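Novice: Next up is a structure, given as structure tokens.
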């Protein structure tokens with residue numbers, strides 16, 4: 001009888017633990033992209049060189065190849081396009097049936113007259129074309145890139161009913177090591193701002209110290225953000241600062257003592273959440289962002305647990321829930337909670353565990369549409385980017401490869417992500433989207449790039 | 001009954017072997033540590049041990065212990081989570097380098113490793129992977145020695161830096177680094193160092209002592225490190 005009871009206990013426990021799944025291997029779930037052909041620029045009376053015009057076209061091609069919806073064909077890919085390239089004319093008739101037979105859906109015609117670049121988007125199925133407002137180019141590609149990105153977003157809006165993300169800006173840090181004789185090396189990182197494709201990078205800070213977690217402060221009234229928040233070690237302990245773009249010095253955000261790390265701003269631009277060890281361990285705090293000229297508000301402790309490290313809060317779009325990382329159950333995992341109101345007791349806070357598949361989960365980021373969380377997790381000993389889908393309740397691995405990937409951040413379209421990845425000695429920023437899970441590197445050069453952050457939706 | 005207990009224990013061993021084959025040895029050790037922590041807390045509670053009393057050294061600490069609100073933050077009101085509970089000691093009100101502070105910022109603090117006498121006292125304290133527990137006699141001896149020296153030099157302030165190795169994620173490591181520096185700070189305060197002379201900085205994995213990979217390098221980087229400032 002006793003043997004039978006022992007056997008039953010053993011069987012039940014094995015059955016229970018046998019449900020633990022092995023490490024998941026990513027399935028390729030690429031969604032077919034809509035094929036588009038962009039004609040060479042038909043040039044008339046233009047002082048802009050053929051080389052510049054082709055460079056401008058390449059900027060447009062990059063945008064169309066990385067918007068998560070279209071892919072551009074080369075002329076050699078189909079016989080119809082091959083015959084077309086020799087007789088390309090902005091206003092001429094097209095061999096629609098041939099193009100349709102070759103699977104082409106849209107053709108984008110480009111014409112340069114002087115400095116004016118015109119664009120017509122032709123639907124092969126409908127056999128009609130729509131002209132998009134022309135743009136004026138200066139011949140300076142670094143300045144003209146913004147206008148070409150606007151053109152790409154306008155094409156996106158025409159095809160899909162909403163603007164693309166080609167005109168959006170990103171922030172990240174660039175870190176350097178400074179060797180010092182007979183002393184510990186010094187590490188310095190500064191904040192850089194760039195176009196979403198990594199071009200036009202400009203340094204925003206000159207603090208000569210470590211900086212982490214730069215992020216735009218959402219602007220009200222449909223304007224682009226002109227302020228950013230970051231964490232700086234300039235006085236010693238890491239503290240949060242807000243600065244206007246291209247201003248010299250930032251101003252403090254919180255009067256809370258001790259370390260202030262891994263901040264996140266609410267989508268409405270009114271609150272900041274962060275981790276601080278003011279109470280003797282790394283807990284999560286919430287505070288209104290200070291209004292200019294006003295006294296700094298008081299922060300409120302919103303999550304703590306004995307003997308734990310808690311970090312990386314991220315707000316839901318409605319500002320009522322928060323995802324964050326805690327090691328309260330051993331290895332750091334991602335949890336979601338309702339943001340507790342004033343007077344809530346710590347013991348009454350309920351957590352929903354999000355990351356169940358992998359260990360060492362970190363840096364969650366809530367998508368602007370509220371439907372997904374992106375985070376990094378150790379997968380077969382390599383940190384990868386994972387996505388949790390609130391609608392299905394499932395996690396899926398987005399990236400693969402041996403580079404160590406961290407700090408995912410969403411674009412305002414909830415489709416694109418940036419993250420930093422370390423491969424060998426270099427750490428760079430990569431761009432990816434959920435429909436095309438092959439990441440593309442958008443930074444290069446000296447210094448290690450970390451903590452990318454995307455410009456939020458305009459409010 | 002004895003035979004039943006033996007059979008039950010054997011079945012647990014088989015179970016451990018069966019499930020541990022699906023996980024790495026690090027995973028098994030981490031889970032075993034977690035289970036141990038939960039069991040230890042349960043045993044302590046069962047025997048009525050809920051925390052330890054300690055001397056209050058300042059008005060800030062009294063406010064925290066009594067549950068009065070602190071102007072720079074509002075804490076949870078739970079008895080168990082109250083600031084001043086055994087595993088968490090409130091940080092000093094003054095922040096070195098802040099406007100109005102009598103203590104300068106980090107640039108005025110020096111590395112004791114550059115002074116042969118201080119280097120022997122302010123040695124690095126090392127941690128296990130993914131842990132902020134101060135373990136081992138060697139680490140405790142360092143903390144006791146530092147604390148004694150600081151008690152004999154009451155005009156010296158100290159930054160305790162918490163560092164991590166390169167393997168963990170950058171963001172989480174900033175919190176882990178904070179907990180490591182607080183673990184050292186807590187022990188120094190328990191050794192009698194006045195709490196508002198000890199400050200914490202978390203660097204996470206942002207400032208490795210040694211670059212590269214491998215057990216020796218990782219161990220060297222998982223450290224508590226110190227900077228001191230002597231006020232005249």
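Novice: Give the dimensionless ratio obtained when the Cα radius of gyration of the stretch A:234-326 is divided by 2.2 N^0.38 Å.
Specialist: 1.07
Novice: Considering the convex hull of the alpha carbon atoms of the stretch A:250-302, report its projected area averaged over all viewing directions, in nm², one decimal.
Specialist: Averaged projected hull area, Cα only: 3.7 nm².
Novice: In Å, what Kirkwood hydrodynamic radius results for chain A from the alpha-carbon pair distances?
Specialist: 24.5
Novice: How large is Rg over Rh for the stretch A:340-400, taking Rg from the Cα atoms and Rh as the Kirkwood inverse mean of 1/r across Cα pairs?
Specialist: 1.06
Novice: Related question: Relative to the longest principal Cα axis of chain A, at what angle does helix A:141-160 sit, 0 to 90 degrees, rounded to 10?
Specialist: 90
Novice: Classify the stretch B:83-213 as rounded, prolate or oblate, taking a ≥ b ≥ c as the square roots of the eigenvalues of its Cα gyration tensor: rounded when a/c is under 1.5, otherwise prolate if a/b is larger than b/c and oblate if not.
Specialist: rounded
Novice: When Cβ neighbours within 10 Å are restricted to other protein chains, what is their mean count per residue of peptide A:252-258?
Specialist: 6
Novice: With a 10 Å radius around each residue's Cβ, average the other Cβ atoms per peptide and rank A:338-346, A:176-184, highest first.
Specialist: Result, highest mean Cβ count within 10 Å first: A:338-346, A:176-184.
Novice: If you don't mind, another one. Using a 10 Å cut-off on Cβ to Cβ distances, tally the other chain neighbours for every residue of B:115-127 and report the average as a whole number.
Specialist: The shielding value for this peptide is 0.
Novice: Also, quick follow-up: Mind pulling the per residue volume of the convex hull built on the Cα atoms of the stretch A:416-459? Å³ is fine.
Specialist: 82
Novice: OK, next. Sorted from largest to smallest, which semi-axis lengths in Å does the alpha carbon gyration tensor of the stretch A:389-444 give for its equivalent ellipsoid, taking the root of 5 times each eigenvalue?
Specialist: Over the Cα atoms of the stretch A:389-444, the semi-axes work out to 21, 13, 9 Å.
Novice: From zero up to wherever the largest Cα-Cα distance of the stretch A:154-212 sits, split into 10 Å bins and tell me the percent of pairs in each.
Specialist: Histogramming the stretch A:154-212 at 10 Å steps yields 21, 31, 23, 14, 8, 3, 0 percent.
Novice: Just rank A:334, A:59, fewest to most, by other beta-carbon atoms within 10 angstrom.
Specialist: A:59, A:334
Novice: Taking all pairs of distinct Cα atoms, average 1/r, flip it, and tell me the Kirkwood hydrodynamic radius of the stretch A:119-187 in Å to one decimal place.
Specialist: Evaluated on the stretch A:119-187, it is 15.7 Å.
Novice: While we're on this one: Just the Cα atoms of the stretch A:99-148: what Rg and Dmax do they give in Å?
Specialist: Looking at the stretch A:99-148, its Cα Rg and Dmax stand at 13.5, 39 Å.
Novice: Calculate how steeply helix A:50-65 sits against the longest principal axis of the alpha-carbon atoms of chain A, using the helix alpha-carbon long axis, and give the answer as 0 to 90 degrees to the nearest 10.
Specialist: 50
Novice: Once the principal axes of the Cα atoms of the stretch A:308-359 are found, what is the range along each, listed largest first in whole angstroms?
Specialist: For the stretch A:308-359, the Cα extents along the three principal axes come out at 32, 25, 16 Å.
Novice: Follow-up. Any idea how far the Cα center of the stretch A:217-254 sits from the one of the stretch A:289-303, in Å?
Specialist: If you average the Cα positions of each part, the centres end up 14 Å apart.
Novice: Please give the average number of partner chain Cβ atoms lying within 10 Å of the Cβ of each residue in A:294-307, rounded to a whole number.
Specialist: 4
Novice: Return the Rg/Rh value of the stretch A:57-206, two decimal places, where both radii are evaluated on C-alpha atoms and Rh is the Kirkwood radius.
Specialist: My calculation puts Rg/Rh at 1.15.
We did not get these values from a lab; they are worked out from the coordinates using the rules stated. None of the values given here were measured: they were computed from a predicted structure. Ideal geometry is used to build each Cβ from the backbone, glycine not excepted, and the neighbour counts take in all protein chains shown.
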